[in-house]
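The values are calculated or read from the model by the stated rules, or taken from the named source; none is laboratory data. All values reported here derive from a predicted model rather than from experimental measurement. Cβ placement follows ideal geometry from the backbone for every residue including glycine, while neighbour counts extend to all protein chains displayed.
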């Protein structure tokens, strides 16, 4: 495999978060076919080591297969690609492509909205604004409170046949 076909994601300087999904979308558009993780150190973030490990198991690791890729763990090898949304936007402007989750999306009778209540209050959902959205929406709106005490791997989340999930740009 060519080095430019390998995404290098070093967890000692990249977050174990949904930012990785953005990085995958960018990487797939650039022709990446494999992910190489450097595992062992964790980027300092405002979550605990235990939470970082849960994020690896429940977000980062399963996200790879959602994009139809595989991964390995080892030494630094491959191309580092920015994990921020701006990189995905720039890649799309340059290539006209963006990687997509390999999951069929079908229009449903309802919309799910995840209400966030996180460790960073400034990132919480504006619940009243979402209730206004629900009043204007052309279908039923189901509110789901974010669960921060019992994690569920993104690979195990049910495939809701929803129109879109307003708070989650990476899910159908």
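A search for C-beta distances below 6 Å between a residue of region 10-33 that is not assigned by TED's automatic domain parsing to the domain that holds residue 76 and any residue that is part of a helix (DSSP H, G or I), counting only pairs 6+ apart in sequence or on different chains, returns nothing. Residue pairs whose Cβ atoms lie under 9 Å apart, separated by 6 or more positions or on different chains, with the first residue in region 79-103 and farther than 11 Å from residue 24 by Cβ and the second at pLDDT below 95 and loosely packed, with under 12 Cβ neighbours inside 10 Å, are 79/3; 103/159. If you filter region 111-136 down to residues that are in contact with a strand residue (DSSP E or B) (Cβ under 6 Å, 6 or more places away or on another chain) and at pLDDT 90 or above, you find that the one that is nearest to residue 60 (Cα to Cα) is 130. Going by what's in this entry, would residue 141 be described as outside the structural domain of residue 15 (by TED's automatic domain parsing), surrounded by 13 or more Cβ atoms within 10 Å (Cβ to Cβ) and more than 18 Å from residue 18 (Cβ to Cβ)? When the stated conditions are applied, residue 141 passes them.
Name every residue in region 86-110 that is at pLDDT 90 or above and surrounded by 14 or more Cβ atoms within 10 Å (Cβ to Cβ), in order of residue number. 87, 88, 91, 92, 97, 98, 99 - these are the residues of region 86-110 that are at pLDDT 90 or above and surrounded by 14 or more Cβ atoms within 10 Å (Cβ to Cβ). Spot the failing condition for residue 31; the list is (1) at pLDDT below 90; (2) on the phi > 0 side of the Ramachandran plot, and only one is missed. Residue 31 satisfies all of (1) at pLDDT below 90; (2) on the phi > 0 side of the Ramachandran plot except (1).
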